[in-house]
Amino acid sequence: GRVCIDNNTCRDCTLVKVDSMNKNGILLEVVQVLSDLDLTILKAYITSDGGWFMDVFHVLDKQGQKVTDEKTIQHIEKALGPGSNIPGATKGSNSPGRSVGMHSIGDHTAIELKGPDRTGLLSEIFAVLAELQCNVMAAEVWTHRTRVACVVYVNDVSSGQAIEDACRLAGIEERLRHVLRGHGGGDDDDGDGRGAHTNFSAGSTHVDRRLHQLMHADMDLGGDGAPQGRPAADDGTAVTVEHCEEKDYSVVNVRCRDRPKLLFDIVCTLTDMQYVVFHAAVTSEGIYGIQELYIRRKDGRTLLKDEAEKVTKCLEAAISRRVSEGFTLELCGRDRVGLLSDVTRVLREHGLTVTRADVTTVGEQAVNVFYVRDASGQPVDMKTIEGLRGQVGQTVMLNVKKVPADKAPERTAGSMAKTSFFSFGGLFAKLGA
């Protein structure tokens, strides 16, 4: 593959051009690299008919500026240029270390969990892991409607190594499953807490992709799709799938509030549903992102009516999974065993529920970002936040940001990323990761 990063052609954004042999899954790999760097994609033109794959992305960094950072440019060149192992590369295949987002973590055991969500669940999960002498090195947690999915990377507290002992792993799994079921689960006849599931993942699938897969599998249970009787999205999200006669493609049109990682979430969903994207165009209008994707099934056919309906439903769910409201709490401090357990317990005691979490340990530093809202659906009270600061603030630095949920910010070409979304990358840069 060839990659060219061009800061000259366009006055206010960077062009990333990728040319390579066309192989299955290549678009997802490319978008994943840009997404991990928290780059905002303003526009993109993608085409991959025949044996060749060509695309151009107009991007900005998370400050809304051109991409000029040498490290970032080198990362893109290495990940997408000649000698890179895309397509087909899955990050982390160079075991035992692997990367979560942009960060390499050492020897670890990955645990996947999913099940019905409830307030305080996360604090119980972290408490059980601390009690079982598991140190959490990184975790990514998503909740959507009534479901939760998370991937937690742990090692043994005393040895700092991955946990290999089958007997101990079985014990950990049993305890976590118990927590997910809600301690016996009351009226669960199916014996597994309506889709409660734990698994030690050996694979090296990208963590965000894995979370989409876990939640996607839940849609059949009715947990992750739209609740019965009300429309899926009331935030202006529109997804349609139509047939394009002259070229024999199915055309997916998405219009929704623009945000980082939007294209990744769409391409990831289509790829995992076994559809191939032949052409795509991405633009934005004000606060809205507009995607037009020309797809077919793997056997070259276009979508039947029921397939098109399923794609619409799955894309609506995938888009809304990552939308955040309420507050982000950003905690930085010295890592210690049980830190997460303590922090999430304090959140729960203050009546806050965590809608998404991103946890990473960089060296000795813990960097935890929690998206929280009030469990009863009320706005979060600033007194609550101050109380949190009192309880957590002595040992760690606590930043609190409001995530604008209702009115969108004024935006110049790229200020959306700057004002409306908290990005984890800036934090790591400060820690010198």
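The values are calculated or read from the model by the stated rules, or taken from the named source; none is laboratory data. Keep in mind that this is a model prediction, so the values were computed, not measured. Backbone-built Cβ (ideal geometry, glycine too); neighbour counts: all protein chains shown. With ligands, DNA and RNA removed, areas are computed over all heavy atoms of the protein, side chains included. Shrake-Rupley method; radii C 1.70, N 1.55, O 1.52, S 1.80 Å.
Assuming R0 = 30 Å, what is the FRET efficiency of Val337 and Lys401, from their Cβ-Cβ distance, to the nearest 0.05?
On the way: r = 28 Å, r/R0 = 0.92.
E(calc), rounded to 0.05, equals 0.60.
Given their separation in residues at 0.36 nm each and the Cα-Cα distance between them, Met54 and Lys17 gain 12.6 nm when the chain is fully extended. Peptides 359-365, 302-308, 36-42, ordered by how many other C-beta atoms sit within 10 Å of their residues on average, highest first, read 36-42, 359-365, 302-308. Applying the Karplus relation 6.51 cos²θ - 1.76 cosθ + 1.60 with θ = phi - 60° to segment 128-138 yields 3J(HN,Hα) values of 4, 4, 5, 5, 8, 6, 9, 9, 7, 8, 7 Hz, where x marks Gly and Pro. Scalar couplings 3J(HN,Hα) for segment 151-162, obtained by applying the Karplus form with A = 6.51, B = -1.76, C = 1.60 to θ = phi - 60°, are 10, 10, 9, 10, 9, 6, 4, 7, 9, x, 9, 4 Hz; x denotes Gly and Pro.
Here the Kirkwood formula, the inverse mean of 1/r across different C-alpha pairs, assigns segment 264-348 a hydrodynamic radius of 16.4 Å.
For Asp117, Asp69, Asp156, the ranking by accessible surface with the largest value first comes to Asp69, Asp117, Asp156, using a 1.4 Å probe. Exceedance of the 30 Å cut-off in Cα-Cα distance is limited, within the set Lys17/Lys261; Lys66/Lys310; Lys43/Lys310; Lys17/Lys62; Lys114/Lys310; Lys66/Lys298, to Lys66/Lys310; Lys66/Lys298. The modelled label-to-label distance for the pair Glu292/Asn24, using points 7 Å beyond Cα in the direction of Cβ, is 2.9 nm. Placing a pseudo-label 7 Å from each Cα along the Cα-to-Cβ vector at Arg118 and Leu304 gives an inter-label distance of 4.0 nm. Distance between the 7 Å Cα→Cβ label points at Glu325 and Gln391: 2.4 nm. Expressed in units of 2.2 N^0.38 Å, where N is the residue count, the Cα radius of gyration of segment 259-309 is 1.24. Annotation: amide H-H contacts under 5 Å for Val148 (H modelled 1.01 Å from N, sequence separation of 5 or more, or interchain): Gly115, Asp117.
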